[in-house]
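J.: Quick one: this structure, given as structure tokens, is what I'll be asking you about.
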Amino acid sequence: MTGLASRPYVAVRMIPYKDENPTELTPILTVGLIIANVAVWILVQGMGVPEYLRASVCEFGLIPVELTDRRVVGPWVCPLGGLTWGALFTSMFMHGSWIHLLTNMMFMWVFGNNIEDSMGHVRFIIFYLLAGLAAAGAHVGLNSSSGVPTVGASGAISGILGAYIVLYPQARVHVFFPPFWIFPMRAYVVLGYWIVIQILMGLSQLGARYGSGIAVWAHIGGFFAGLVLVKLFERPQLVGAKREGRRLDRREIRERHYWW
């Protein structure tokens, strides 16, 4: 999640682009979420054309003071009185730039398909939305007087990262470090590094007057929500098969309702 002009994952300077963790279920909701985010960017946000971008972020973004009724401290970017509570959901599908969208969707694809594969489709979408709400709650709780709109799928995606590090810490993830370096690394190293950077950035924001423009506490809140919620939503049979390298029979998946 981010303000109007920031780029949340660029600060980490690493981009996972694939993992060595094959899936059993077709990741229809992971793909669907990616399509939905891209469609919103094109159809609602005008692919980043400034007037459409600002209007969409102000209308559908999450503005903490609209929920807390606090006096605005710092920049007042948008006229108040928008969606209020509905923005908790709509802000998950909005983005601030092309790079913001593309990096979020890359993280979504690399890690989301495995988490959907470990929960089933219905459980996965409930988990995703709850992680996004937890991320938004963390951001609002620590920025209750902010009038700056927050947008992005990264809070909910952070929940996916938290779930992944619990379920598949030893999975190999291929990471691109701009501008030239590519390394295969264990998931616990990649995601552990990521969350440590987020926490350090978050602590540095606590002493800043207006923050950095990146909703780091949303990332942290989403990640730890994922850590907590994953055991409530995982399918142990699916996770166990993946860890052992076993292929499940399609008939078994269907008959045992693992898909949901």
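J.: Of the numbered conditions (1) under 13 Å from the mean Cα position of the chain (by Cα); (2) β-branched (Val, Ile, Thr); (3) farther than 17 Å from ASN104 by Cα, VAL151 satisfies every one except a single condition; which is it?
T.: Among (1) under 13 Å from the mean Cα position of the chain (by Cα); (2) β-branched (Val, Ile, Thr); (3) farther than 17 Å from ASN104 by Cα, VAL151 violates only (3).
J.: Something else about it: Go through segment 84-108 and give me each residue that's more than 24 Å from VAL65 (Cβ to Cβ), buried (at least 19 other Cβ atoms within 10 Å of the Cβ) and in contact with a Lys or Arg (Cβ under 9 Å, 6 or more places away or on another chain).
T.: Across segment 84-108, the qualifying residue is only THR103.
J.: Only residues that are modelled with pLDDT of 90 or more, more than 15 Å from the chain's Cα centre (by Cα), surrounded by 15 or more Cβ atoms within 10 Å (Cβ to Cβ) and not in a strand (DSSP E or B): list them for segment 1-33, please.
T.: Matches in segment 1-33: ASN21, PRO27.
J.: Could you check segment 152-198 and list, in sequence order, the residues that are free of Cβ contacts under 8 Å to residues at least 40 places away in the same chain, of a type in the set (A, V, I, L, M, F, W, C) and assigned to a loop (DSSP other than H, G, I, E, B)?
T.: Of everything in segment 152-198, just one residue is free of Cβ contacts under 8 Å to residues at least 40 places away in the same chain, of a type in the set (A, V, I, L, M, F, W, C) and assigned to a loop (DSSP other than H, G, I, E, B), namely PHE180.
J.: Can you name every residue in segment 109-122 that is in contact with a helix residue (DSSP H, G or I) (Cβ under 6 Å, 6 or more places away or on another chain) and surrounded by fewer than 21 Cβ atoms within 10 Å (Cβ to Cβ)? Please lay out each step first, then the result.
T.: So in segment 109-122, the residues in contact with a helix residue (DSSP H, G or I) (Cβ under 6 Å, 6 or more places away or on another chain) come out as 111-113, 115-116, 118-119, 121.
Of everything in segment 109-122, just one residue is in contact with a helix residue (DSSP H, G or I) (Cβ under 6 Å, 6 or more places away or on another chain) and surrounded by fewer than 21 Cβ atoms within 10 Å (Cβ to Cβ), namely HIS121.
J.: State all residues of segment 92-118 that are of a type in the set (Ser, Thr, Tyr) and closer than 22 Å to VAL49 by Cα; if no residue qualifies, say none.
T.: Initial filter on segment 92-118 (of a type in the set (Ser, Thr, Tyr)): 97, 103, 118.
Passing the criteria: SER97, THR103.
J.: Then there is this: Would you say THR84 is modelled with pLDDT under 95, hydroxyl-bearing (Ser, Thr, Tyr) and under 22 Å from the mean Cα position of the chain (by Cα)?
T.: Numbers: modelled with pLDDT under 95: yes; hydroxyl-bearing (Ser, Thr, Tyr): yes; under 22 Å from the mean Cα position of the chain (by Cα): yes.
Against the criterion (modelled with pLDDT under 95, hydroxyl-bearing (Ser, Thr, Tyr) and under 22 Å from the mean Cα position of the chain (by Cα)), THR84 qualifies.
J.: Can I ask one more? Take segment 139-150 and flag every residue that is in a helix (DSSP H, G or I) and under 22 Å from LEU101 (Cβ atoms).
T.: Keep residues of segment 139-150 that are in a helix (DSSP H, G or I), which gives 139-142.
Result: HIS139, single match.
J.: Among all residue pairs at least 6 apart or on different chains, which show Cβ distances below 6 Å where the first residue, located in segment 31-48, is in contact (Cβ under 8 Å) with a residue 60 or more places away in the chain and the second is surrounded by 19 or more Cβ atoms within 10 Å (Cβ to Cβ)?
T.: Hits for this filter: ILE34/MET105; ILE34/MET108; ASN37/PHE93; ASN37/ALA153; TRP41/HIS95; TRP41/LEU101.
J.: Now, a different point. State the number of residues belonging to segment 34-70 that are under 26 Å from TRP217 (Cβ atoms), under 19 Å from the mean Cα position of the chain (by Cα) and in a helix (DSSP H, G or I).
T.: The total comes to 8.
J.: For residues that are at pLDDT below 90 and of a type in the set (Lys, Arg), tally how many sit in segment 42-81.
T.: Selection size over segment 42-81: 2.
J.: Determine which member of the set SER154, SER144 is crowded, with 24+ Cβ neighbours inside 10 Å and either of a type in the set (S, T, N, Q) or more than 21 Å from GLY192 (Cα to Cα) (or both). Walk me through how you get there before you give the answer.
T.: Details: SER144 fails: crowded, with 24+ Cβ neighbours inside 10 Å.
Only one candidate passes the filter, namely SER154.
J.: Could you check, for segment 204-216, whether at least one of its residues is at pLDDT 75 or above, of a type outside the set (Phe, Trp, Tyr) and not in a helix (DSSP H, G or I)? Working first, answer last.
T.: So the first thing to find is which residues in segment 204-216 are at pLDDT 75 or above, and the list is 204-206, 214-216.
Adding the requirement that they be of a type outside the set (Phe, Trp, Tyr) leaves 204-206, 214-216.
Retained after the next criterion (residues that are not in a helix (DSSP H, G or I)): 214-215.
Yes, the conditions are met somewhere in segment 204-216.
J.: Could you go through segment 101-115 and let me know if any residue there is out of contact with any strand residue (DSSP E or B) (no Cβ under 8 Å at 6 or more places or on another chain), assigned to a helix (DSSP H, G or I) and free of Cβ contacts under 8 Å to residues at least 12 places away in the same chain. Explain how you work it out, then say what you get.
T.: Here is the first cut: in segment 101-115, the ones out of contact with any strand residue (DSSP E or B) (no Cβ under 8 Å at 6 or more places or on another chain) are 101-102, 104-105, 108-109, 112-113, 115.
Then drop every residue that is not assigned to a helix (DSSP H, G or I), which leaves 101-102, 104-105, 108-109, 112-113, 115.
Then keep just the ones that are free of Cβ contacts under 8 Å to residues at least 12 places away in the same chain; that gives 102.
Within segment 101-115, one or more residues are out of contact with any strand residue (DSSP E or B) (no Cβ under 8 Å at 6 or more places or on another chain), assigned to a helix (DSSP H, G or I) and free of Cβ contacts under 8 Å to residues at least 12 places away in the same chain.
J.: Exactly one of (1) at pLDDT 95 or above; (2) touching a strand residue (DSSP E or B) at 6+ places or on another chain (Cβ under 9 Å) is unmet by ALA153. Its number?
T.: Condition not satisfied by ALA153: (2).
The values are calculated or read from the model by the stated rules, or taken from the named source; none is laboratory data. Note that the coordinates shown come from a computational prediction; the quantities given were computed from them, not determined experimentally. Note that we place each Cβ from the backbone using ideal geometry, even for glycine, and neighbour counts take in every protein chain shown.
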